[in-house]
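Peer 1: Below you'll find the structure I mean.
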Amino acid sequence: MTRVVGPSIRSEFILDPAEALARGRVLDAMLARVLPPHPRGVFRGSHRYFNELDDARRLEIARRLNRPGWGEPR
């Protein structure tokens, strides 16, 4: 839930397409640095197995994003 203070009408969405594109590119570049390598080749397995692989991948991404000093300027 967001708390809005003041008389302005605010939106969580960026309405300017150029600004939205620029921000999306920045976010894509930020996330690309923390993605673990995607496994190569063909895999066979149950739906549960692939869900476990996806969960482990997402957990690794979250750990990399939440490591100490991630958001601090260098």
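The values are calculated or read from the model by the stated rules, or taken from the named source; none is laboratory data. Computed from a predicted model, the values in this text were never measured in an experiment. Quick reminder, even Gly has a Cβ in these numbers, built from the backbone with ideal geometry, and neighbours come from all protein chains shown. Ligands, DNA and RNA are stripped out before the accessible areas are found, and what is left, the full protein with its side chains, is counted by its heavy atoms. Shrake-Rupley method; radii C 1.70, N 1.55, O 1.52, S 1.80 Å.
Peer 1: Among the residues of the range 42-61, which ones are in a loop (DSSP other than H, G, I, E, B) and either touching a Leu at 6+ places or on another chain (Cβ under 7 Å) or charged (D, E, K, R) (or both)?
Peer 2: Answer for the range 42-61, where residues must be in a loop (DSSP other than H, G, I, E, B) and either touching a Leu at 6+ places or on another chain (Cβ under 7 Å) or charged (D, E, K, R) (or both): just ARG44.
Peer 1: Something else now. Please work out which one of (1) at pLDDT 85 or above; (2) open to solvent by less than 100 Å² (accessible area, probe 1.4 Å); (3) part of a helix (DSSP H, G or I) is the condition ARG25 fails and give its number.
Peer 2: Status for ARG25: all satisfied but (2).
Residues checked against (1) assigned to a helix (DSSP H, G or I); (2) surrounded by 10 or more Cβ atoms within 10 Å (Cβ to Cβ); (3) modelled with pLDDT under 75:
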site	(1), (2), (3)
ARG10	no, no, yes
GLU19	yes, yes, no
LEU31	yes, yes, no
VAL34	no, yes, no
PRO37	no, no, no
ARG40	no, no, no
ARG63	yes, yes, no
PRO73	no, no, yes
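Peer 1: So for the range 42-50 (the condition being modelled with pLDDT under 90 and open to solvent by less than 100 Å² (accessible area, probe 1.4 Å)), does at least one residue qualify?
Peer 2: Yes, because at least one residue in the range 42-50 is modelled with pLDDT under 90 and open to solvent by less than 100 Å² (accessible area, probe 1.4 Å).
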